[in-house]
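Accompanying notes for the structure given below.
The values are calculated or read from the model by the stated rules, or taken from the named source; none is laboratory data. All values reported here derive from a predicted model rather than from experimental measurement. With ideal geometry, Cβ positions are generated from the backbone for all residues, glycine too; neighbour counts draw on all protein chains shown. For the accessible areas, the whole protein counts, side chains as well, though only heavy atoms, and no ligand, DNA or RNA atoms are used. Shrake-Rupley method; radii C 1.70, N 1.55, O 1.52, S 1.80 Å.
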Amino acid sequence: MTKVLLIYLVSSFLALNQASLISRCDLAQVLQLEDLDGFEGYSLSDWLCLAFVESKFNISKINENADGSFDYGLFQINGHYWCNDYKSHSENLCHVDCQDLLNPNLLAGIHCAKRIVSGARGMNNWVEWRLHCSGRPLSYWLTGCRLG
């Protein structure tokens, strides 16, 4: 019940403020509640670093790639492979509409990211994570965050 309440409060706060950014510590709380700490061997700091380097914690970010495909949401999930954006043929491996990845409650994006990370390449699917997070000390991402 606490998990649902926190996610609801965070999404309500974002909706009320019409903000598309989530704070680092609020995101850390949601990710912890969704059991991402240690998921497939990745720490909360890995997930925070990924969200920052991909979207700067912008939940509603959409980016067009050089190949014409689009990346969506906090984790910049690609519409050609992982979600359906109705713009081109999509494999839709997460079985989700890309617009759902922009939802302030974060659950669709988190579930899809977990599916991606569960694959053989893990977080190496994200070029920015490989370049800026992999193999680096990341514990500072949790500095000042109160996690339960």
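Quick one: in the stretch 69-81, of everything that is in contact with a helix residue (DSSP H, G or I) (Cβ under 8 Å, 6 or more places away or on another chain) and over 17 Å from residue 50 (Cα atoms), which residue is least open to solvent (accessible area, probe 1.4 Å)?
Of the residues in the stretch 69-81, the ones in contact with a helix residue (DSSP H, G or I) (Cβ under 8 Å, 6 or more places away or on another chain) are 70-77, 79.
Now narrow it down to the ones that are over 17 Å from residue 50 (Cα atoms): 70, 79.
Values: 70: 40, 79: 1 Å².
Of everything passing the filter in the stretch 69-81, 79 is least open to solvent (accessible area, probe 1.4 Å).
Residues 97, 71: which one is in contact with an Asp or Glu (Cβ under 9 Å, 6 or more places away or on another chain) and either more than 21 Å from residue 128 (Cα to Cα) or among the β-branched types (Val, Ile, Thr) (or both)?
97
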Note to self: So, in the stretch 87-109, how many residues would count as being closer than 19 Å to residue 61 by Cβ, out of contact with any Leu (no Cβ under 7 Å at 6 or more places or on another chain) and of a type outside the set (S, T, N, Q)?
What the structure shows: 9
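Out of curiosity, is residue 12 among the polar types (S, T, N, Q) and either at pLDDT below 95 or touching a Gly at 6+ places or on another chain (Cβ under 7 Å) (or both)? Walk me through how you get there before you give the answer.
On the way: among the polar types (S, T, N, Q): yes; either at pLDDT below 95 or touching a Gly at 6+ places or on another chain (Cβ under 7 Å) (or both): yes.
Here the answer is yes, as residue 12 does meet what is asked.
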Check: So which residues in the stretch 82-95 are closer than 22 Å to residue 127 by Cβ and either modelled with pLDDT of 95 or more or of a type in the set (D, E, K, R) (or both), if there are any at all?
Finding: 82, 83, 85, 87, 91, 92, 93, 94
Notebook entry, point to check: Which residue pairs have Cβ atoms closer than 9 Å, lie 6 or more positions apart in sequence or on different chains, and pair a first residue in the stretch 71-91 that is under 15 Å from residue 106 (Cα atoms) and in a loop (DSSP other than H, G, I, E, B) with a second residue that is open to solvent by 50 Å² or more (accessible area, probe 1.4 Å) and among the charged types (D, E, K, R)?
Noted result: 73/61; 73/100; 74/61; 76/61; 76/128; 83/97; 83/100
Check: Based on what the data block shows, is residue 144 surrounded by 15 or more Cβ atoms within 10 Å (Cβ to Cβ), farther than 14 Å from residue 54 by Cβ and of a type in the set (Gly, Ala, Ser)?
Finding: no
Check: How many residues, within the stretch 92-109, are in a loop (DSSP other than H, G, I, E, B) and either among the polar types (S, T, N, Q) or open to solvent by less than 40 Å² (accessible area, probe 1.4 Å) (or both)?
Finding: 6
Check: Does the stretch 48-67 hold any residues that are crowded, with 19+ Cβ neighbours inside 10 Å and either in a loop (DSSP other than H, G, I, E, B) or without any contact (Cβ under 8 Å) to a residue 24 or more places away in the chain (or both), and which are they?
Finding: 55, 59, 61
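Tally up the residues in the stretch 120-142 that are assigned to a loop (DSSP other than H, G, I, E, B), modelled with pLDDT of 95 or more and either in contact with an Asp or Glu (Cβ under 6 Å, 6 or more places away or on another chain) or more than 17 Å from residue 71 (Cα to Cα) (or both), please.
Residues in the stretch 120-142 being assigned to a loop (DSSP other than H, G, I, E, B), modelled with pLDDT of 95 or more and either in contact with an Asp or Glu (Cβ under 6 Å, 6 or more places away or on another chain) or more than 17 Å from residue 71 (Cα to Cα) (or both): 7 in total.
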Check: Quick one: is residue 38 closer than 22 Å to residue 116 by Cβ, open to solvent by 20 Å² or more (accessible area, probe 1.4 Å) and at pLDDT below 95?
Finding: no
